Amino acid sequence: TAVLPFLQAVLHRIQGKPARVATLASWLRALLSTHAAYLMSCSQLLPLLTPLYQLIDERLGVFKPLLKLVGRMQMLQAQIASQAAASQQDGAPSSDPLRTYDEAAEERAAEEEEEEGEEEF
């Protein structure tokens, strides 16, 4: 039958360009579900599907951190939007940062604190 050559062709295309998985997933799903009985009896199936298993494991390993990152980005976007809405309601469009760090001022303050500490002894 032509099931194994077709499966090999689909898997070869997936391995060649992993970005095509979304397009080829429907073909792969239909092929595996339609010919499951034949494929289960085929001894050549495991070596064919091993790279697919590895590809799926790699993508699943990256999926969870990406999902967390998407959540954080959405939270930041919501905060930025709410701050922009609040500043527009106040009537004062403020594009300045809320806080700035001045290293020279921090160093002067630290030196003054050290001098005051030395004077107390």
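Yes or no, residue by residue, for (1) in a helix (DSSP H, G or I); (2) modelled with pLDDT of 90 or more; (3) of a type outside the set (Gly, Ala, Ser); (4) open to solvent by less than 80 Å² (accessible area, probe 1.4 Å):
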position: Ala84; (1), (2), (3), (4): yes, no, no, yes
position: Ser87; (1), (2), (3), (4): yes, no, no, yes
position: Ser95; (1), (2), (3), (4): no, no, no, no
position: Arg99; (1), (2), (3), (4): no, no, yes, no
- Task: Output the residues belonging to region 1-31 that are surrounded by fewer than 10 Cβ atoms within 10 Å (Cβ to Cβ) and not in a helix (DSSP H, G or I).
- Result: Thr1, Ala2
- Message: Testing Ala36 on (1) open to solvent by less than 80 Å² (accessible area, probe 1.4 Å); (2) in contact with a Leu (Cβ under 8 Å, 6 or more places away or on another chain), one condition comes back false. Which one is that?
- Response: (2)
- Answer yes or no as to whether Lys64 is modelled with pLDDT of 90 or more and open to solvent by 80 Å² or more (accessible area, probe 1.4 Å). no
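The values are calculated or read from the model by the stated rules, or taken from the named source; none is laboratory data. It should be emphasised that the depicted structure is a prediction, and the values quoted were computed from it without experimental measurement. Reconstructed Cβ throughout: ideal geometry from the backbone, glycine too, with neighbour counts over all protein chains shown. With ligands, DNA and RNA removed, areas are computed over all heavy atoms of the protein, side chains included. Shrake-Rupley method; radii C 1.70, N 1.55, O 1.52, S 1.80 Å.
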